[in-house]
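First up is the structure itself, then whatever we jot down about it.
The values are calculated or read from the model by the stated rules, or taken from the named source; none is laboratory data. Every value quoted in this text rests on a predicted model; they were computed, and no experiment measured them. So basically every Cβ, Gly included, is an ideal-geometry build from the backbone, and we count neighbours across all protein chains shown. Accessible surface areas use protein heavy atoms only, side chains included; no ligands, DNA or RNA. Shrake-Rupley method; radii C 1.70, N 1.55, O 1.52, S 1.80 Å.
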Amino acid sequence: MNGFALSVSRGIARVTESALGSYQSAVIRIGFAGTWLLFLLRELPHRQELYGPDGPWSWDLARQLIADNGAFTALMWWDGQFWFEAVYALAVLASVLLLLGWRTRTMSVLFMIGVLSLQNRSVFMGDGGDNVLHLMSLYLVFTRCGQVWSLDARRAARTREARARGEWIPDRAGPVLWVVLGAALVAVTAGGRFDSDWFVPALLWGVWLAQALWWAIGRYARSYEPRVLLDIVANVIHNGALFVIASEACLIYATAGWYKIQGSRWQDGTAVYYPLHLDYFSPWPALADLLAGNGTMVMLVTYGTVIVQVAFPFTLFNRRVKNVLLALMMAEHAAIAVLLGLPFFSLAMIATDAVFLPTSFLRRLGGWVARARGRVFSAGDPALLPEGGVPAPPPAGGPTPSHFGAGPAPLTESGSTVASASGSSTRPEDGHEDASTPPRRRPEGSGAAPEDPDTQGSPAPRTTPSTPT
């Protein structure tokens, strides 16, 4: 019983003390933001037919459907060409900024608004990947997806360096964003434009108020207990969101695999042959004919698809087998993108699969990218990532960093507190490590506001803490 209680205690500490999967959540952020951005840019000449007020699915038809299903879309707030162009431009801008990791907490909300607004406006446009993107845009709001590989991470590193020199860098962009978006939210609510179900409006108000609470506690709290509590809550929400994303991926593959088993064409090994001969799904007819002309290859791909999809959820507890099947599924989606002409569906599924990628591989990938960037831009800014492309490990005996906007400073063994320098960490055995340094005293009379809630680091405390043990 003591062993079981100890295991439970360790599990709770693991979930609450840090945001797990920082590299995986960053890849998911980059993958889905990039997928949606590429889709919007490709369909830019056709945006009027897809989502515009004068498209085949007219504004009046969309309004009738939304009145029945209660879906959220900002395109129904006003009818007109200017508003449509503004929402489309906002979706593109939010995708770019989320891809770069600038104010990821705010951009993830705007990204969700853009995805839901366009997809719910014309529900008959899509290829299956839009359903995955629809769900993941909601889940991303709850994650700390800017801990690494983001402009927020670089800003946190610069803030850490400034604190080491005894300087204080005021944040102006965060409060301005909060005020502007808050005014827009108040205007929309007061105007009665929220005619959808309660969930999305409640989520928007909840995130906006949470940002204000985080900023207020970071600036005015006299002790670290409230900030530590908020950080624990944020860690639990982040880890829960990653668990939901992983569960969603397993559910997609398990459902698809078990449904395939019941089909006669999948049972006799010929199912892959037929979509290769559909003109609408044949961007490369010669390549499709080459594959379809080999009966053995068609049979192997058909049965292999079913086996991989059904078996994958059961291999999560065996790392080696899981990694092999994960590589096979990603290769399968890449083949679907080329052979069937479904690139955005494949990109969405590959981004979803990224939640299962090993951290060691992602760290090596970050190192390769950092070295490649160093060769291309010899004078590049080293503040984004240290040498090797990964954050440096924390100093021995240092505190456990945290992350959620302007996160709280954790407690040391002696009960004193220090501010997290980078705003993200997990245990060393997970491969997610960040450096942390004790903050300096804030200069008297500086009047600088603390970092805004979107900043991926912890604000410096108002008084100098004791030295960590």
Response to the item:
Every listed condition ((1) free of Cβ contacts under 8 Å to residues at least 24 places away in the same chain; (2) in contact with a Gly (Cβ under 8 Å, 6 or more places away or on another chain)) holds for residue 321 save (2)
Practice prompt. Would you please name the residue that is nearest to residue 248 (Cα to Cα), looking only at residues in the stretch 313-329 that are open to solvent by less than 40 Å² (accessible area, probe 1.4 Å) and of a type outside the set (Val, Ile, Thr)?
Written response: 313
Worksheet item: Based on what the data block shows, is residue 96 crowded, with 21+ Cβ neighbours inside 10 Å, within 21 Å of residue 145 (Cα to Cα) and not small (Gly, Ala, Ser)?
Response: no
Practice prompt. Take the stretch 1-53 and flag every residue that is among the basic types (Lys, Arg) and surrounded by 20 or more Cβ atoms within 10 Å (Cβ to Cβ).
Written response: 29
Discussion item. Restricting to the stretch 216-233, name every residue that is hydrophobic (A, V, I, L, M, F, W, C) and more than 22 Å from the chain's Cα centre (by Cα).
Written reply: 216, 217, 221, 228, 229
Worksheet entry | Residue, least open to solvent (accessible area, probe 1.4 Å), within the stretch 282-296, restricted to residues that are under 13 Å from residue 341 (Cα atoms) and in contact (Cβ under 8 Å) with a residue 40 or more places away in the chain | 288
Discussion item. Condition first: under 24 Å from residue 19 (Cα atoms), under 21 Å from the mean Cα position of the chain (by Cα) and open to solvent by less than 30 Å² (accessible area, probe 1.4 Å). Can you find one or more residues in the stretch 114-131 that meet it?
Written reply: no
Discussion item. Would you confirm whether or not the stretch 243-253 contains a residue that is more than 19 Å from residue 134 (Cβ to Cβ) and among the polar types (S, T, N, Q)?
Written reply: no
Worksheet item: Are any residues in the stretch 262-300 polar (S, T, N, Q) and under 24 Å from residue 310 (Cα atoms), and if so, which ones?
Response: 262, 264, 267, 270, 296
Practice prompt. Quick one: which residue in 174, 146 is within 22 Å of the chain's Cα centre (by Cα), at pLDDT below 90 and open to solvent by less than 60 Å² (accessible area, probe 1.4 Å)?
Written response: 174
Worksheet item: Take the residues of the stretch 254-281 that are under 25 Å from residue 321 (Cβ atoms) and touching a Leu at 6+ places or on another chain (Cβ under 9 Å): which is most open to solvent (accessible area, probe 1.4 Å)?
Response: 272
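Conditions (1) at pLDDT below 90; (2) closer than 27 Å to residue 353 by Cα, marked per residue:
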| position | (1), (2) |
| --- | --- |
| 44 | no, no |
| 67 | yes, no |
| 85 | no, no |
| 96 | no, yes |
Worksheet item: Which of the residues belonging to the stretch 331-342 are surrounded by fewer than 17 Cβ atoms within 10 Å (Cβ to Cβ) and out of contact with any Ser or Thr (no Cβ under 8 Å at 6 or more places or on another chain)?
Response: 331, 335, 338
Worksheet item: Could you count how many residues in the stretch 208-236 are within 22 Å of residue 112 (Cα to Cα) and buried (at least 20 other Cβ atoms within 10 Å of the Cβ)?
Response: 4
Worksheet item: Just for the stretch 41-72: of the residues that are touching a residue at least 60 places away in the same chain (Cβ under 8 Å) and hydrophobic (A, V, I, L, M, F, W, C), which one is nearest to residue 89 (Cα to Cα)?
Response: 50
Fill in: Hits in the stretch 347-364 - residues which are of a type in the set (A, V, I, L, M) and open to solvent by less than 60 Å² (accessible area, probe 1.4 Å)
348, 349, 350, 351, 354, 355, 357, 362
Worksheet item: Any idea which residue in the stretch 332-371 is nearest to residue 282 (Cα to Cα), counting only those that are without any contact (Cβ under 8 Å) to a residue 24 or more places away in the chain and of a type in the set (Gly, Ala, Ser)?
Response: 337
